[in-house]
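Novice: Right, I'll just put the structure down here and ask away after.
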Amino acid sequence: MPRSRSIARAKAEPAVSRADVSRADVSNHPPPLKNDGATSDPAPQRYRFTPPTLDPATPARAASTILLASLGDAVRATVEQIVRGDEPEAVHDLRLALRRTRCLLGPLRGVFTRTEAARLRTGLRWLGELSGPPRDLELLVERLEATREELPEPDREAIAVLLSMVCRDRDQARRALLKGLASARYGRLGDAWARLASSFLRPSRENGSTRLPRQRPAAPAADQPIATVAAEAIVRAWRRLLRHGKKLSDSSAAEDFHEVRIDGKKLRYLLELFRSVYPAVDLAPTIENLKSLQNCLGDFNDAQVQEELLREMAPRLATADGATAESLLLVGRLIERSHRARRSARRRFEDRFSTLAAKDNRRRIRSLAGH
């Protein structure tokens, strides 16, 4: 992948109405994930995605394709930073953009056909799986480096062997990600993304006039107002989160906590993507409560993943050059620390979930249905 690939900066756009959609010209926007030929900034800062502002009456398909194009810019920007290796949070930001995009393909029912959504969803799943290990191992490296600073000198030598092993695994996972980003499969993902992102915006002309393209019957919600379609998706996601969250207890399996974590992410991304559609509803407190819950469940998940990684590495460490008995004992202590972190996150969950499920947030979610 050329290092001169440009970074498209997504900015908040003015509200988009039905009339604006009919005049839209996608030739003014670079295709998602594609190179537009400009020169990259010498030292780009972390990319900050800002959802475009949408008019509540915009047809759901039009609004979704506008968001798809904007999210495509986000993926393109973060991939550029990953290739350059100059932004440590770029892989995390890439994964955020992928998750937000999946929220447009699944929870918004009837906006895209199953075939359309499946083509893009397959590529998103592949790229999500490819970018997961580099992120997980980077977090483990950060944790081990922070732990090293807290240890006495003899233990620092013991952790050095483990840290070296994790760094090698992380670098290998990074190389696999870069190989994937330079592959024909990534190019096909970009092509599928661009086709779907422009499937509503491109105007059709008859007798010199511009009109909205005809919608396929297979996408029944495509022409409904985005305020209606998004509210239905948000309410469904809210009810799912409450239903699963209420079942959790100290004895629940880690997989159950992970499921609630995913539910919370989907709801938060929907609220953030479509927040501008409901200007009369103050969704900020609900989003902050969701972030707090996600931080708790994120700590739980990170500790779980790191514990599993450490358990997998222990047998390899036993035969590694320079490994000592102290190195193996240190791994055991780190596993126990991860286990304590999971227990702590479990204890915090109930308070944060109760805050999210409180009456004020219920009222805000219900009020969206009236728009």
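The values are calculated or read from the model by the stated rules, or taken from the named source; none is laboratory data. Note that this is a predicted model, so its numbers are computed, not measured. Cβ atoms come from the backbone with ideal geometry, glycine included; neighbour counts cover every protein chain shown. Please note that ligands, DNA and RNA were not included when accessible areas were found on the heavy atoms of the full protein model with its side chains. Shrake-Rupley method; radii C 1.70, N 1.55, O 1.52, S 1.80 Å.
Novice: Could you list, in sequence order, all residues of the stretch 322-349 that are of a type in the set (Asp, Glu) and without any contact (Cβ under 8 Å) to a residue 40 or more places away in the chain? Steps first, please.
Specialist: As a first pass, look at the stretch 322-349 and keep what is of a type in the set (Asp, Glu): 326, 336.
Hit for the stretch 322-349 is 336, nothing else.
Novice: So which of 242, 181 ends up being modelled with pLDDT of 95 or more and open to solvent by less than 10 Å² (accessible area, probe 1.4 Å)? Lay out the reasoning, then the answer.
Specialist: Working: 242 fails: open to solvent by less than 10 Å² (accessible area, probe 1.4 Å).
It is 181.
Novice: Let me ask something else about it. Return a yes/no flag: does the stretch 295-309 have any residue that is touching a residue at least 40 places away in the same chain (Cβ under 8 Å), more than 21 Å from residue 250 (Cα to Cα) and more than 17 Å from the chain's Cα centre (by Cα).
Specialist: Checking the stretch 295-309: at least one residue is touching a residue at least 40 places away in the same chain (Cβ under 8 Å), more than 21 Å from residue 250 (Cα to Cα) and more than 17 Å from the chain's Cα centre (by Cα).
Novice: Now for a separate question. Can you find even one residue in the stretch 316-326 that is among the hydroxyl-bearing types (Ser, Thr, Tyr), out of contact with any Asp or Glu (no Cβ under 7 Å at 6 or more places or on another chain) and either within 19 Å of residue 251 (Cα to Cα) or open to solvent by less than 30 Å² (accessible area, probe 1.4 Å) (or both)? Before you say what the answer is, go through the steps one by one.
Specialist: Within the stretch 316-326, the first condition is being among the hydroxyl-bearing types (Ser, Thr, Tyr), and the residues that meet it are 319, 324.
Pick out the ones that are also out of contact with any Asp or Glu (no Cβ under 7 Å at 6 or more places or on another chain) and you get 319, 324.
From the residues that got through so far, the ones that are either within 19 Å of residue 251 (Cα to Cα) or open to solvent by less than 30 Å² (accessible area, probe 1.4 Å) (or both) too are none.
No, the stretch 316-326 contains no residue that is among the hydroxyl-bearing types (Ser, Thr, Tyr), out of contact with any Asp or Glu (no Cβ under 7 Å at 6 or more places or on another chain) and either within 19 Å of residue 251 (Cα to Cα) or open to solvent by less than 30 Å² (accessible area, probe 1.4 Å) (or both).
Novice: May I pose another question? Kindly evaluate residue 168 against the criterion of being part of a helix (DSSP H, G or I), without any contact (Cβ under 8 Å) to a residue 40 or more places away in the chain and closer than 23 Å to residue 129 by Cα. First the steps, then the outcome.
Specialist: Working: part of a helix (DSSP H, G or I): yes; without any contact (Cβ under 8 Å) to a residue 40 or more places away in the chain: yes; closer than 23 Å to residue 129 by Cα: yes.
Considered against the rule, which asks whether it is part of a helix (DSSP H, G or I), without any contact (Cβ under 8 Å) to a residue 40 or more places away in the chain and closer than 23 Å to residue 129 by Cα, residue 168 comes out as yes.
Novice: Scanning the stretch 261-294 for residues that are in contact (Cβ under 8 Å) with a residue 60 or more places away in the chain and of a type in the set (Lys, Arg), which turns out farthest from residue 244 (Cα to Cα)?
Specialist: 275
Novice: Sort out which residues of the stretch 39-95 are open to solvent by 30 Å² or more (accessible area, probe 1.4 Å) and under 13 Å from the mean Cα position of the chain (by Cα), and write them in order of number.
Specialist: If the condition is that a residue be open to solvent by 30 Å² or more (accessible area, probe 1.4 Å) and under 13 Å from the mean Cα position of the chain (by Cα), then 48, 49, 89, 92, 95 are the ones that fit.
Novice: Follow-up. Can you spot a residue in the stretch 246-253 that is open to solvent by 20 Å² or more (accessible area, probe 1.4 Å) and within 17 Å of residue 100 (Cα to Cα)?
Specialist: Filtering the stretch 246-253 down to residues open to solvent by 20 Å² or more (accessible area, probe 1.4 Å) leaves 246-251, 253.
Next cut, within 17 Å of residue 100 (Cα to Cα) only: none.
Within the stretch 246-253, none of the residues are open to solvent by 20 Å² or more (accessible area, probe 1.4 Å) and within 17 Å of residue 100 (Cα to Cα).
Novice: When the stretch 351-361 is examined, which residues are found to be open to solvent by 70 Å² or more (accessible area, probe 1.4 Å) and free of Cβ contacts under 8 Å to residues at least 40 places away in the same chain?
Specialist: 351, 359
Novice: Among the listed residues 314, 341, 357, 320, identify the single one that is touching a helix residue (DSSP H, G or I) at 6+ places or on another chain (Cβ under 8 Å), within 30 Å of residue 158 (Cβ to Cβ) and modelled with pLDDT of 90 or more. Break it down stepwise before answering.
Specialist: On the way: 314 fails: modelled with pLDDT of 90 or more; 357 fails: within 30 Å of residue 158 (Cβ to Cβ); 320 fails: modelled with pLDDT of 90 or more.
Selected residue: 341, the only one of 314, 341, 357, 320 that is touching a helix residue (DSSP H, G or I) at 6+ places or on another chain (Cβ under 8 Å), within 30 Å of residue 158 (Cβ to Cβ) and modelled with pLDDT of 90 or more.
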